[in-house]
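Derivation of every value follows stated rules applied to the coordinates shown; laboratory data play no part. Quantities reported herein were computed from a predicted structural model and do not represent experimental measurements. A quick note on method: Cβ atoms are made from the backbone with ideal geometry, for glycine too, and the neighbour counts reach across all protein chains shown.
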Amino acid sequence: MNRISLVFLAISLLFSSCASAQELSLENYLLNYDYESRTDMKIKSKELVRLLNDNKAQLIDIRFEEEYKSWNMPIAISIPLPDLPNNLSKLDKKKIIVTACPHKDRAIIAMTYLKTQGYQVKYLTDGLIGLAEYLRGNNAYNFINQ
């Protein structure tokens, strides 16, 4: 099974039931998915850093605990993907939630789940590796000193 099929299978299994009327069912999310939705679900490191500086976003690192412990971004909250449903209280519904992992496969699953739970959410398209690359030199200095 290829990677995309695995992601969609995982999404289907993860979101087979949504309990609250405020929540968006996965089916409705998919039925209403369009080019605007496709654009709106993504964010790059440069825009994320701007939103973090403006206190308008919350970065969620959804990697496994061992991965987070081996290296992490101190600006992120660690909530491993399997623990996400039981840790929604750590998320600020007033902010844009940005999900991230080294690349983007798990971040997309987390983003989709949070979307069905009523969060304003995006996934980091260049991943944590891209964010680390972006936050070097002057960008790191400017981010920390703003």
Quick one: compute a quarter of the convex hull surface over the Cα atoms of the range 23-139 and quote it in nm².
-> 7.3
Reference-scaled alpha-carbon Rg (2.2 N^0.38 Å with N residues) for the range 52-108 | 1.07
Mind listing the long-range amide H neighbours of Ser78? Cut-off is under 5 Å, sequence gap 5 or more, other chains count too, H placed in the peptide plane at 1.01 Å from N.
-> Asp61
HN-Hα J couplings of the range 45-55 from phi, Karplus 6.51/-1.76/1.60, θ = phi - 60°, integer Hz, Gly and Pro as x?
-> 4, 4, 5, 4, 4, 4, 5, 5, 4, 7, 6
At 0.36 nm per residue, minus the direct Cα-Cα distance, what do Arg38 and Leu24 gain on full extension? Give it in nm, one decimal, please.
-> 3.4 nm
Just flag the trypsin sites (Lys or Arg not before Pro) in the range 61-95 sitting in loop per DSSP whose Cβ has no more than 10 other Cβ atoms within 10 Å.
-> Lys94
With a cut-off of 17 Å, note down the residues of the range 117-138 whose backbone N falls inside the zone around a label point 7 Å from the Cα of Ser70 toward its beta carbon.
-> 128-130, 132
Which of the aspartates and glutamates could a cross-linker bridge to Lys69, judged by Cα under 14 Å and excluding same-chain residues fewer than eight apart?
-> Asp61
